[in-house]
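The values are calculated or read from the model by the stated rules, or taken from the named source; none is laboratory data. Computed from a prediction, not measured in an experiment: that's the story for all the values here. All Cβ positions, even for glycine, are placed from backbone atoms using ideal geometry, and neighbour counts span all protein chains on display.
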Amino acid sequence: MTAALSLEQAPPLSVPLRFFLTAPVFGIAAGGVLAWAGPAAFASRWTPPALALAHLLGLGVLTMVMCGALFQLLPVLAGVRIVRARLIGGACHALLVAGTAALAAGFLGADTVAFRLAVPLLGGALGLLLAVVGTGLARAPRRHDSVRGMRWALSGLAVATALGLILALGHGWSTLPLARAAFTDLHLAWALLGWVTLLVAVVAWQVVPMFQVTTEYPPWLRRALAPVMWLLLAWLTAASLAGRVTWPATTGLALACAGFAVQTLVLLARRRRRRRDASLNFWTLAMVGLAAAALAGLASLVVPLPPRLGLAPAVLFVAGFALAVINGMLLKIVPFLVWLHLQQQLAATPAAPGRFVPPDMHAVLPEPRARLQLGSFALALAVLVAGLAVPALLRLAGICWIGAFATLGWNLVRAVRLYHAQRRRLATAA
Amino acid sequence: MIGEFMTRSHRECDELFAVAEAAASGGDLSRTQQAHAAFEAALLHHLGMEENVLFPDFEAATGMTAGPTAVMRMEHGQMRGLFTQMQQALDSGALEGYLGAAETLLILIQQHNMKEEHMLYPMCDRALGGDAGAIIGRMQAA
């Protein structure tokens, strides 16, 4: 499914874009669930709306965008081109969309049929992603830190997927005996730390130094972070299944996350590029969010938190860290891809050069609109965090998240509409 | 050895980019023009080292003329196009236009550099390692 060394620029634009454009739709759905369920959603982590929310965001937004980004990044990071990218990307996307919707419907009280549907759909989507990217990484001509790190992240996704599928099977066929509480904790840990955090870290140690012109992350951190976190997760898993204490592994994981976040903040503070734009602010916010989530996680080991505040580490992690990084990345990647693909079409249109200049990134997504996206995101995050203490605010938080994801979606849609308009102009110019 | 030398050259260009962008963000046209000239000279020199010395030597040693170097040359062409846009923006004093083209150029350069540093330069070191000293000497003189 992957061809050997190729430095070709990119798969067709539609491959990553379909993932990027779908993510805000699931985000809006998640905001809708919170607005509808209100304070009841966060009464404990086991409420049906909380479980639906977690998967609308974790699969529908985070994994959705990361899938699209992986299809895009694989040629750049690993020098491998995905053959039949349109077909494979399209299939992966369709399965992920249908599987996420089925799973959320299952949690929100639809028939157990929804869970029975979600299992093969999500197994297919994530299995396909793992197969394609895994093969690509195995064939990478050179094994630098990012290729190695990405393999750890993918194996984290594999474990999280396997645990998730087992849990979903348990919902679909209730006769299946399961240690549900322990499995859920482990599924959550592998998904958020073994997959999301590791992939963000691997991407960060490429893009932070290059795009912000900072010094490199320390080589020991790049080499050690992924295997150390993976081993800690394995330790957590073994301890949890054996009924032993899990706090040493949890403490190690929280410290690893905090260390990565602080290191990134230090690099950003010393960056050579002086320009501060919305994307950089999203990254900064994300690293503060990750450090705060780690601290909240550590605090919950020492002080038993009431059930509602028990959600604080996960809320800070997903909303404060992961969603912020995704927003910051999309603000750069989508305008650049629009420019790149128009540029490639221009080069393939002999009569047009000179009469057509592709719009630069700021013309595709002007900074004021990026700032609006940042502002709506920060507001939604603030109301949500306040809602942990004052549950009456949770409905409002849901409405604010609908606004934040709609702003993101509208920015992306406008960029894509501009792309199509410019393509028509180019065709006329030729 | 070639890889280290060329990677250092990338980082030097990055630093010069940051200076030019900071000047433009600060709204200082004449400082931007100066800093831009230094950045452009360094980057064009880097592209020249590759197109006139490194790539031909690599192609001669491996016989790969339509492979990775062809894509790198095409991206060099895209960079030159953005330099033209940036120059036009500076000539008309449009610093906002300059910043838009500059950021596009930065992302283009960085994804290009990743491919070179991760894949092409290691391949060059394998194919040409024995002559590295002489090749670097010819690149510096180019």
Got at least one residue in the range A:172-181 being over 18 Å from the mean Cα position of the chain (by Cα) and within 14 Å of chain B (Cβ to nearest Cβ)? no
State whether the residues of the range A:368-376 include one that is within 12 Å of chain B (Cβ to nearest Cβ) and farther than 26 Å from A:Trp205 by Cβ. yes
Could you count how many residues in the range B:93-121 are more than 9 Å from chain A (Cβ to nearest Cβ) and more than 15 Å from the chain's Cα centre (by Cα)? 4
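How many residues are within 14 Å of chain B (Cβ to nearest Cβ) and not β-branched (Val, Ile, Thr) if we restrict to the range A:196-218?
Applying the first criterion (within 14 Å of chain B (Cβ to nearest Cβ)) to the range A:196-218 yields A:202-216.
Remaining after also requiring not β-branched (Val, Ile, Thr): A:204-206, A:209-212, A:216.
Residues that pass the stated criteria total 8.
Would a scan of the range A:230-237 turn up a residue that is within 20 Å of the chain's Cα centre (by Cα) and in a helix (DSSP H, G or I)?
Initially, the range A:230-237 is screened for residues within 20 Å of the chain's Cα centre (by Cα), giving A:230, A:233.
Next cut, in a helix (DSSP H, G or I) only: A:230, A:233.
Yes, some residue in the range A:230-237 is within 20 Å of the chain's Cα centre (by Cα) and in a helix (DSSP H, G or I).
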Kindly indicate whether A:Val196 is of a type in the set (Val, Ile, Thr) and in a helix (DSSP H, G or I). yes
Top-ranked residue in the range B:1-12 [being more than 10 Å from every other protein chain (Cβ to nearest Cβ) and under 11 Å from the mean Cα position of the chain (by Cα); ranked as surrounded by the most Cβ atoms within 10 Å (Cβ to Cβ)]: B:Met6
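Somewhere in the range A:67-85, is a residue away from chain B (no Cβ under 14 Å), β-branched (Val, Ile, Thr) and closer than 23 Å to A:Ala191 by Cα? Show your work before the answer.
Residues of the range A:67-85 away from chain B (no Cβ under 14 Å): A:67-68, A:70-71, A:82-85.
Cutting the leftovers down to β-branched (Val, Ile, Thr) gives us A:82-83.
Filter again for closer than 23 Å to A:Ala191 by Cα, leaving none.
No: zero hits.
Listed here are the residues, each with its yes/no results for (1) surrounded by 21 or more Cβ atoms within 10 Å (Cβ to Cβ); (2) in contact with an Asp or Glu (Cβ under 9 Å, 6 or more places away or on another chain).
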position	(1), (2)
B:Leu47	no, no
B:Gly63	no, no
B:Ala66	no, no
B:Thr69	yes, yes
B:Gly97	no, yes
B:His118	yes, no
B:Cys124	yes, yes
Do we find a residue being acidic (Asp, Glu), surrounded by fewer than 21 Cβ atoms within 10 Å (Cβ to Cβ) and more than 11 Å from chain A (Cβ to nearest Cβ) anywhere in the range B:18-34? yes
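Please count how many residues of the range A:133-153 are among the aliphatic types (A, V, I, L, M) and over 21 Å from A:Gly68 (Cβ atoms). It would help to see each step written out before you state the result.
The first filter runs over the range A:133-153 and keeps only residues among the aliphatic types (A, V, I, L, M), leaving A:133, A:137-138, A:140, A:147, A:150, A:153.
Narrowing the set further to residues that are over 21 Å from A:Gly68 (Cβ atoms) leaves A:138.
Count: 1.
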Of everything in the range B:122-142, what is free of Cβ contacts under 8 Å to residues at least 40 places away in the same chain and within 12 Å of chain A (Cβ to nearest Cβ)? Give them in sequence order. B:Arg126
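Do we have A:Leu157 as assigned to a helix (DSSP H, G or I), more than 14 Å from chain B (Cβ to nearest Cβ) and over 17 Å from A:Ala234 (Cα atoms) here? Break it down stepwise before answering.
On the way: assigned to a helix (DSSP H, G or I): yes; more than 14 Å from chain B (Cβ to nearest Cβ): yes; over 17 Å from A:Ala234 (Cα atoms): no.
Against the criterion (assigned to a helix (DSSP H, G or I), more than 14 Å from chain B (Cβ to nearest Cβ) and over 17 Å from A:Ala234 (Cα atoms)), A:Leu157 does not qualify.
Checking the condition part of a helix (DSSP H, G or I), among the aliphatic types (A, V, I, L, M), at pLDDT below 95 and surrounded by 24 or more Cβ atoms within 10 Å (Cβ to Cβ), which residue from A:Ala23, A:Ala41, A:Ala30, A:Ala69 passes?
Numbers: A:Ala23 fails: at pLDDT below 95; A:Ala30 fails: at pLDDT below 95; A:Ala69 fails: surrounded by 24 or more Cβ atoms within 10 Å (Cβ to Cβ).
Being part of a helix (DSSP H, G or I), among the aliphatic types (A, V, I, L, M), at pLDDT below 95 and surrounded by 24 or more Cβ atoms within 10 Å (Cβ to Cβ) holds for just one of A:Ala23, A:Ala41, A:Ala30, A:Ala69, which is A:Ala41.
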Given the structure, is A:Val200 buried (at least 20 other Cβ atoms within 10 Å of the Cβ) and not aromatic (Phe, Trp, Tyr)? yes
Regarding the range A:246-264, can at least one residue be identified that is within 14 Å of another protein chain (Cβ to nearest Cβ), surrounded by fewer than 22 Cβ atoms within 10 Å (Cβ to Cβ), in a helix (DSSP H, G or I) and modelled with pLDDT of 95 or more? no
In the range A:72-102, the residues that are within 21 Å of B:Pro68 (Cβ to Cβ), assigned to a helix (DSSP H, G or I), in contact (Cβ under 8 Å) with a residue 24 or more places away in the chain and not small (Gly, Ala, Ser): A:Gln72, A:Leu73, A:Leu74, A:Pro75, A:Leu77
Does the range A:269-284 hold any residues that are within 11 Å of A:Thr214 (Cβ to Cβ) and not hydrophobic (A, V, I, L, M, F, W, C), and which are they? A:Arg270, A:Arg271, A:Arg272, A:Arg273
Can you confirm whether A:Gly156 is under 14 Å from A:Met66 (Cβ atoms) and not aromatic (Phe, Trp, Tyr)? yes
State yes or no: is B:Glu15 surrounded by fewer than 17 Cβ atoms within 10 Å (Cβ to Cβ), at pLDDT below 95 and in contact with a His (Cβ under 8 Å, 6 or more places away or on another chain)? no
Of all the residues that make up the range A:180-190, how many are touching a residue at least 12 places away in the same chain (Cβ under 8 Å) and surrounded by fewer than 17 Cβ atoms within 10 Å (Cβ to Cβ)? 2
